[in-house]
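The structure appears right after this line, and notes come after that.
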Amino acid sequence: MSAVFTSPLDLDHVRAQFPELQRVTYLNVGTYGLVPECALQKELEAVAAFDRGGQACKVELGGIQERVRQRVAAMLGAGPEEIAITRNATDGNNLVLAGLDWKPGDEIISTDEEHPSLQHPLLYLQKTKGLKVHWLPISHDADEMVGRIAAAASPRTRLIAMSHVPCETGTRLPAKEIAKWAAERGILSHFDGAQCVGAVRIDVKDIGCDFYALNGHKWTCGPKGTGFFYARKERIEDLKPAHVGAGSLEKADQAAGIAEPWPDGRRFEFGTRCWSILAGYDATMDWFESLGWDNVYEHVAHLSDYLKSEILARPHLKLLTPVAIEHSSGLVVFAMPGRDPEAAASEVRDKWQIYTRMVLGGTGIRISTAHFNSREDIDLLLRHMDEFCESHPSSAGKDGS
Ligand SMILES: Cc1ncc(COP(=O)(O)O)c(C=O)c1O
């Protein structure tokens, strides 16, 4: 936590791409990212070209689609054939849950901090297929988390499905150790990386998981409606696509009754899509590559460290996210013992246009430290949080409880 940190990013150059930052302090890329202007222009041009021109579209969208597949694969350390283009992270979660052959009594291990994008399909599967889901408390500590999983597992456990970084506390789970433990027992592993990809480097081969879901609209600042799904080559055919249509079958023959899905990510793609927004995603990849991904990760980590150290220095705030960046990502969550954090967050938004996100049932405030944020953004937030605390005496005991 260096006081003399110099960001590897030229923040004036970065922030010039986000005109709304002149109006607001945006600390919530963990909900919705902001698309840089250079990419937004490309997105809007492609949307206009496709919707005006239809088949006569002047932008070659098929080429962009395959280029995006390759770029996402490269970002995740995967092969392009292992990537499906989806609409959001929820799509990827459902491809796993709806794609496996379940028998009543099969078991899945998850956590008690899941976003509805995974929690709700799990609940639905539990109800409709007679499965048992274990909702475990989380820990960033590999021995502890794997120990909890091992204690919950049974011979009927078929899948581990959880967020890589659950959105409630921003704790990074030990995905590599979990995937290894699962693979050694013939159990499949799936992670939802919505709060990871674009904030910290992700290598799905190093993690060793079977499946990984992500969206394009958060930390990678792509258009809303972009998402991707990774399925390990050896496992891809274990997932039966629940939706099949034009584009998803390698062989189809009505007379012979043949229907064979592609043995790659295309098996999950079908029908007409808003391909034009992928032009925007392609351009956000250009943007990040021009900055350098390592510089982006370093900046996000630095701001995260800085914010955590400032929270720890304030007795009226309580840090709820692990301190080490290896055990977190770009999310930082804090509580305000004895005070109403929801009132504080509303006040800073309404008075000062500072955008944050409530978590933990309204008891925690979540901050996202994105590549376009500055130390000044964090100082401003904390100054107004301090003012709120000064003008709202705590009802907590001396121990902060
Ligand atoms: C862990 C996690 N997964 C998924 C989502 C939602 O993803 P999407 O809207 O792309 O389906 C969120 C959004 O906050 C999230 O935090």
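Report, to the nearest whole %, how much of the accessible area of segment 113-165 belongs to carbon and sulfur atoms, 1.4 Å probe, protein only.
Details: 1350 of 2500 Å².
For segment 113-165, the apolar C and S fraction of the accessible surface comes to 54 percent.
Could you let me know the centre-to-centre spacing of segment 354-382 and segment 87-110, using Cα atoms, in angstrom?
Each part reduced to its Cα centre gives a spacing of 32 Å.
Would you work out which of Ala396, Gly271, Ser248 lies farthest towards the positive end of the dipole of segment 248-401, given +1 charges on the beta-carbon of Lys and Arg and -1 on that of Asp and Glu, about the Cα centre?
Value: Ala396.
Compare Met162, Met358 by solvent-accessible area with a 1.4 Å probe and give them largest first, with all protein chains kept in place.
Numbers: Met162 0, Met358 40 Å².
Ranking Met162, Met358 by accessible area, largest first, yields Met358, Met162.
What do you get for trypsin sites (Lys or Arg not before Pro) in segment 322-401 restricted to DSSP loop and a cutoff of at most 12 other Cβ within 10 Å of the site's Cβ?
Values: sites: Arg339, Arg349, Lys351, Arg357, Arg366, Arg375, Arg383, Lys398; in loops: Arg339, Lys398.
Listed in order of number, the matching sites are Lys398.
Can you give me the % of accessible surface on segment 1-55 that is carbon or sulfur? Probe 1.4 Å, all protein chains present, nothing else counted.
On the way: 1670 of 3270 Å².
Result for segment 1-55: 51 percent of the exposed heavy-atom area is carbon or sulfur.
Tell me, what is the FRET efficiency for Lys132 and Lys180 to the nearest 0.05, using R0 = 25 angstrom and their Cβ-Cβ distance as r? Please list the in-between numbers first.
On the way: r = 24 Å, r/R0 = 0.94.
So, using R0 = 25 Å, E works out to roughly 0.60.
So, taking all protein chains as they sit and a 1.4 Å probe, how much accessible area belongs to Lys240, in Å² rounded to tens?
120
List the GluC sites (Glu not before Pro) in segment 164-246 that DSSP assigns to loop (not H, G, I, E or B) and whose Cβ has at most 15 other Cβ atoms within 10 Å. Which are they? Walk me through the numbers before you get to the answer.
Working: sites: Glu168, Glu177, Glu184, Glu234, Glu237; in loops: Glu168, Glu234.
Passing both the DSSP loop test and the Cβ count: Glu234.
Report, in debye and to the nearest 20, how large the dipole of the chain comes out about its Cα centre when Lys and Arg carry +1 and Asp and Glu carry -1 on their Cβ. Walk me through the intermediate numbers first.
Working: 43 positive and 55 negative charges, 165 e Å.
For this selection, approximately 800 debye.
Any idea of the accessible area per residue across segment 227-297, 1.4 Å probe, to the nearest Å²?
Numbers: 3470 Å² over 71 residues.
Accessible area per residue, segment 227-297: 49 Å².
Please list the non-local residues whose amide H lies under 5 Å from the amide H of Thr25, H modeled 1.01 Å from N, same-chain partners needing a gap of 5 or more.
Sorted by chain and number, the residues that satisfy this are Ile354, Tyr355.
Could you work out how much longer the chain between Val244 and Tyr124 gets when fully extended? Use 0.36 nm per residue separation minus the Cα distance between them, nm to one decimal.
Working: separation 120, 0.36 × 120 = 43.20 nm, distance 2.12 nm.
Full-extension gain reported as 41.1 nm.
Express the carbon and sulfur contribution to the solvent-accessible surface of segment 204-355 as a percent, rounded to the nearest whole number, probe 1.4 angstrom. Before the final figure, lay out the partial values.
Values: 3110 of 6200 Å².
In segment 204-355, the share of accessible area belonging to carbon and sulfur is 50 percent.
With point charges of +1 on the Cβ of Lys and Arg and -1 on the Cβ of Asp and Glu, referenced to the Cα centre of the chain, which listed residue (Pro36, Ile258, Ala153) lies farthest in the positive direction of the dipole?
Ile258
Taking only protein heavy atoms and a 1.4 Å probe, what accessible area per residue, in Å², does segment 127-201 have with all protein chains in place? Don't jump to the answer; show the numbers that get you there.
Working: 2920 Å² over 75 residues.
Per-residue value: 39 Å².
Per the helix-only calculation at 222 nm, which mean residue ellipticity applies to the chain, given -39500 (n - 2.57) for every DSSP H run of n ≥ 4 and division by its residues, nearest 500 deg cm²/dmol? Mind showing how you got there, number by number?
On the way: 12 runs with 152 residues, N = 401.
The helix contribution divided over the chain gives -12000 deg cm²/dmol.
For segment 285-324 and segment 175-216, compute the distance between their C-alpha centroids and round to whole Å.
Taking the Cα centre of each part, segment 285-324 and segment 175-216 sit 22 Å apart.
To the nearest 20 Debye, how big is the dipole of segment 268-401 about its Cα centre, given +1 on the beta carbon of each Lys and Arg and -1 on that of each Asp and Glu?
Computed charge dipole of segment 268-401: roughly 500 debye.
Going down the list Lys127/Lys233; Lys127/Lys180; Lys132/Lys240; Lys129/Lys240; Lys127/Lys224, which pairs span over 23 Å between their C-alpha atoms?
Lys127/Lys233; Lys127/Lys180; Lys127/Lys224
How many Å² of accessible area per residue for segment 1-113, probe 1.4 Å? Could the numbers behind the result be given before it?
On the way: 5520 Å² over 113 residues.
Ligands and nucleic acids excluded, the figure is 49 Å² per residue.
Treat each spin label as a single point 7 Å out from the Cα along the C-beta direction, and report the Thr272 to Asp10 distance in nm.
4.3
Please report the accessible area of Thr31 (heavy atoms, 1.4 Å probe, ligands and nucleic acids excluded) in Å², nearest 10.
About 30 Å², ignoring ligands and nucleic acids.
The values are calculated or read from the model by the stated rules, or taken from the named source; none is laboratory data. Worth saying up front: this structure is predicted, and the values here are computed from it rather than measured. Please note: Cβ atoms are built from the backbone with ideal geometry, for glycine as well, and neighbour counts cover all protein chains shown. The accessibility values were calculated without ligands, DNA or RNA, using every heavy atom of the protein model including side chains. Shrake-Rupley method; radii C 1.70, N 1.55, O 1.52, S 1.80 Å.
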